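Novice: My questions all concern the structure below.
The values are calculated or read from the model by the stated rules, or taken from the named source; none is laboratory data. Values in this document were obtained by computation on a predicted structure and should not be read as measured data. Methodologically, a virtual Cβ is constructed for each residue, glycine included, from the backbone with ideal geometry; neighbour enumeration extends over all protein chains shown. Heads up: the accessible areas ignore ligands, DNA and RNA and are worked out on the full protein's heavy atoms, side chains in. Shrake-Rupley method; radii C 1.70, N 1.55, O 1.52, S 1.80 Å.
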Amino acid sequence: MAKKQEEAVFTPIGLNKSNNGKLDKAVELPDPTDTSYKDLGLTKQDLVGMFESMYLQRRFEERAMQMYQKGKFGGFLHLYIGQEAISTGSVWAFNDDDDIITAYRDHGWGLVRGVTPEAGMAELYGKTDGCSKGKGGSMHFANVKEHFWGGYGIVGGHIPLGAGIAFANKYKESGRLAACYIGDGAVHQGVLHETMNMCQLWKLPCIFVVENNGYAMGTSARRHSVGEIVDRADAYGMKKAVINGMDVFTVYEKMKKIAEEVRKDSLPWFVEIRTYRYRGHSMSDPQKYRSKEELEEYQKIDPVERMKTFILENKITSKKKIGEIEEAIENRVLEAIEFAENADAPEPEALFEDMFVEENPIFHK
Amino acid sequence: MAVLQFREAIRDAIDEEMALDENVFVMGEEVAEYNGAYKATEGLLDKYGFKRMIDTPISELGFAGIGVGAAMNGLRPVIEFMTFNFAVLAADQIINHASKVRYMLGGQVQVPVVFRGPNGSAGQLGATHSVAYDSMYAHFPGLKVIQPSEPDDAKGLLKSAIRDNNPVIFMESEQMYGLKGEVSEEEDYLIPIGKAKVKREGDDVTIVTHGKMYHVSKKAAAELEKDGVEVELIDLRTIKPLDLDTIIESVKKTNRCVVVDEAHPFGGVAAEVGYLIQREAFDYLDAPVARVTLPDVNAPFAKNLFDIWLPDAKDVIDAVNTVTYRK
Ligand SMILES: Cc1ncc(C[n+]2csc(CCOP(=O)(O)OP(=O)(O)O)c2C)c(N)n1
Ligand SMILES: [Mg+2]
């Protein structure tokens, strides 16, 4: 008797034996570093500064979310909450003039690279005083003056832009490197592979960082990706690393080493930093694709809380001081909201501004 | 007649075609487990399983092309783009392959693939998420382009699109998915591709439109009626092949025409329709054809700028007033 053929199935299902590819854990974290902060070359002041930055990113977004829910502004709102150790550790590891480019989950990146809470909030509100003059909104925070080249809304679209910025750095011998942050979902855009090949071939001073937060929208990384993401590097003979993204010291340590190497030999890197997205993909996501338990697992090792605990346990500064910092940040964020609410909407003429560099460009009618 | 949301009409069309032909399958980002980013494929995974409801990685170029190849080899893929703004990444497969392979191989293959998803803007989503691509695809020989505006048209036309043996671009709108309308309960309800529909009769002026702009135009027509202006409202439904006869017949009656198009002005549907009217009905015109389009500017985020940017009923009324010399 002929054996009944099993029905063809294309997407991976039943991973970890649970139903329909639901996972017990979306990302496996490598161990955090055990090097002491002093051996990492960090001062007490640095630690407090890192905490401040992470706490600002967190509170800014929590408040932004409230304002969004109150209907104060529209568009998408993708929150970085849970991933703040990556932006913070990286920026502390890089030189101030190293170039950074990222995807639409960009608020944290802006805040740690010179976008003020006021300019950030005003951008969310679509006001002239926003960091992108209210033209871009949540997905397009930018502060190019301080080498933050912005957030981009087409998944994978900014991958070659990052390489292009690195190309120009090499061409001009500027000594700057470019770091291009992408999501785990963006790994599957063909352009990544074209770009990685050229980067390796041309020795571009570029670091590609995949912020693997476990999910691309509703699809877990394990369901959309074959093998380990970081191993994409092998095909191009590119240097690679996997990093724990919930621990800011680890991100700092590894990114600093990588940056130093890139500056020396101008060879690109492909880095996977594992982390977790606490909130939904955007604001309208019922999150049926993951369990509450999974989320709680990662919230137990929350990067902001972890840093705060470290600071207190090691008496880096007093509890009172931390309390003051938190209060000051809270107030700053509330002021930013007030600022954004009272700021001017763009003049109607602004619709036609920033299209071309000329003062009076020709528009087709 | 049943009252359905636009998304339900889409789903029912796919469902019926999947039930009829096991070669029909759906592929795209979040179409299966998530039930579609805009829930247009809700329930289909439960019904048809993982073989025929296929979640893809974010690889538009790849899965669009896999759709083309599968269609060449006998299947009938319905490829969903989360929006046509992301189909830009798949343009090579749609434009260089789907539309050309049959011709290049001297008719040895056919490519019965449907590329579907929302088109155009959907509120303050910024410049990269707000472009209307219908006229761009219509530019290329070898593609049929459909953009319905109401659930009934959506159902009948999508079923026809899935049965069509050529590549079809089927465009929807995020902002229309929740829109309710009466949908025919006729068994196997098919609307022929390439037929416009006069959705309101009037003698004073013809408005030619499609997609989301149909609803803007309809609102304008209701306002104008109060003012004693009777609009003849033509919903193109199919952009290509364009139903020129219906347009010309109406213009010969009203002698005036406004084209309302959610695209930038250069080379859009409005430009094409305007040209064709002057070619076919020049002597019937009492005023130059006017058009209402987006400006020649990217979509801004700021709410107040976005509202200026997107055509609204007032823009349509102004254009009607111009062609009727009521200003
Ligand atoms: C080319 C393209 N395809 C699809 C989308 C819709 N989309 C926006 S974000 C996203 C998921 C991306 O996931 P990931 O890269 O992991 O980033 P994360 O959201 O986790 O930060 C998708 C599918 C898009 N913006 N661009
Ligand atoms: Mg992700």
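Novice: I need a count of the residues in the stretch A:186-231 that are hydrophobic (A, V, I, L, M, F, W, C) and at pLDDT below 95. Don't jump to the end; show me each part of the working.
Specialist: Taking the stretch A:186-231 and keeping what is hydrophobic (A, V, I, L, M, F, W, C), we get A:186-187, A:191-192, A:196, A:198-199, A:201-202, A:204, A:206-210, A:216-217, A:221, A:226, A:229-230.
Going one step further and asking which of them are at pLDDT below 95, we end up with A:221, A:226.
Of the residues in the stretch A:186-231, 2 are hydrophobic (A, V, I, L, M, F, W, C) and at pLDDT below 95.
Novice: Just to verify a result, which residue in the stretch A:209-238, among those that are in contact with a helix residue (DSSP H, G or I) (Cβ under 7 Å, 6 or more places away or on another chain) and over 24 Å from A:Lys25 (Cα atoms), is farthest from the other protein chains (Cβ to nearest Cβ)?
Specialist: Only one residue tops the list, namely A:Gly237.
Novice: Suppose we filter B:Ser173, B:Ser184, B:Ser160 for residues that are at pLDDT 95 or above, surrounded by fewer than 20 Cβ atoms within 10 Å (Cβ to Cβ) and under 15 Å from B:Ala9 (Cβ atoms); which single one remains? Talk me through it step by step, then tell me what you get.
Specialist: Numbers: B:Ser173 fails: surrounded by fewer than 20 Cβ atoms within 10 Å (Cβ to Cβ); B:Ser160 fails: surrounded by fewer than 20 Cβ atoms within 10 Å (Cβ to Cβ).
The match here is B:Ser184.
Novice: Of the conditions (1) free of Cβ contacts under 8 Å to residues at least 40 places away in the same chain; (2) assigned to a helix (DSSP H, G or I), A:Val230 clears all except one; give me its number.
Specialist: (1)
Novice: List every residue pair whose Cβ atoms lie under 9 Å apart, where the two residues are 6 or more positions apart in sequence or sit on different chains, the first residue falls within the stretch A:200-216 and is farther than 10 Å from A:Gly183 by Cα, and the second residue, located anywhere, is part of a strand (DSSP E or B) and near ligand 1 (Cβ under 8 Å from one of its atoms).
Specialist: Close Cβ pairs (under 9 Å, with a partner that is part of a strand (DSSP E or B) and near ligand 1 (Cβ under 8 Å from one of its atoms)) amount to A:Phe208/A:Ile182.
Novice: Do the conditions hold for B:Val131, that is, is it assigned to a loop (DSSP other than H, G, I, E, B) and open to solvent by 20 Å² or more (accessible area, probe 1.4 Å)? Reasoning before the result, please.
Specialist: On the way: assigned to a loop (DSSP other than H, G, I, E, B): yes; open to solvent by 20 Å² or more (accessible area, probe 1.4 Å): yes.
For B:Val131, the condition - assigned to a loop (DSSP other than H, G, I, E, B) and open to solvent by 20 Å² or more (accessible area, probe 1.4 Å) - is met.
Novice: With (1) of a type in the set (Lys, Arg); (2) out of contact with any Gly (no Cβ under 8 Å at 6 or more places or on another chain); (3) outside any loop (DSSP other than H, G, I, E, B) as the list, and B:Lys195 as the residue in question, which single condition is left unmet?
Specialist: For B:Lys195, the failing item is (3).
Novice: Follow-up. I'd like to know if the stretch A:144-161 contains one or more residues that are away from ligand 1 (no atom under 14 Å from the Cβ), within 11 Å of another protein chain (Cβ to nearest Cβ), open to solvent by 10 Å² or more (accessible area, probe 1.4 Å) and not in a strand (DSSP E or B).
Specialist: Scanning the stretch A:144-161 turns up no residue that is away from ligand 1 (no atom under 14 Å from the Cβ), within 11 Å of another protein chain (Cβ to nearest Cβ), open to solvent by 10 Å² or more (accessible area, probe 1.4 Å) and not in a strand (DSSP E or B).
Novice: Now for a separate question. I'm checking my understanding of the structure. Among residues of the stretch B:272-325 that are basic (Lys, Arg) and surrounded by 15 or more Cβ atoms within 10 Å (Cβ to Cβ), which one is nearest to the other protein chains (Cβ to nearest Cβ)?
Specialist: So in the stretch B:272-325, the residues basic (Lys, Arg) come out as B:279, B:291, B:303, B:314.
Okay, now just the ones that are also surrounded by 15 or more Cβ atoms within 10 Å (Cβ to Cβ), so B:291, B:303.
Numbers: B:Arg291: 10, B:Lys303: 5 Å.
That would be B:Lys303.
Novice: Right, another one. Filter the stretch A:345-365 down to residues that are of a type in the set (Asp, Glu) and farther than 15 Å from A:Lys133 by Cα and give me whichever is nearest to the other protein chains (Cβ to nearest Cβ). Steps first, please.
Specialist: Restricting attention to the stretch A:345-365, the residues satisfying the condition of being of a type in the set (Asp, Glu) are A:347, A:349, A:353-354, A:358-359.
Add one more test, that the residue is farther than 15 Å from A:Lys133 by Cα, and what stays is A:358-359.
Values: A:Glu358: 14, A:Glu359: 16 Å.
Within the stretch A:345-365, the match that is nearest to the other protein chains (Cβ to nearest Cβ) is A:Glu358.
Novice: Now for a separate question. Under the condition of being away from chain B (no Cβ under 14 Å) and assigned to a strand (DSSP E or B), which residue from the stretch A:180-208 is farthest from ligand 2 (Cβ to nearest atom)?
Specialist: Only one residue tops the list, namely A:Cys206.
Novice: Of a type in the set (A, V, I, L, M, F, W, C) and free of Cβ contacts under 8 Å to residues at least 24 places away in the same chain: is that true of B:Phe50 in this structure? Walk me through how you get there before you give the answer.
Specialist: Working: of a type in the set (A, V, I, L, M, F, W, C): yes; free of Cβ contacts under 8 Å to residues at least 24 places away in the same chain: yes.
Yes, satisfied.
Novice: I would also like to ask the following. Count, please, the residues in the stretch A:153-187 that happen to be over 17 Å from the mean Cα position of the chain (by Cα) and over 23 Å from B:Ala127 (Cα atoms).
Specialist: 12
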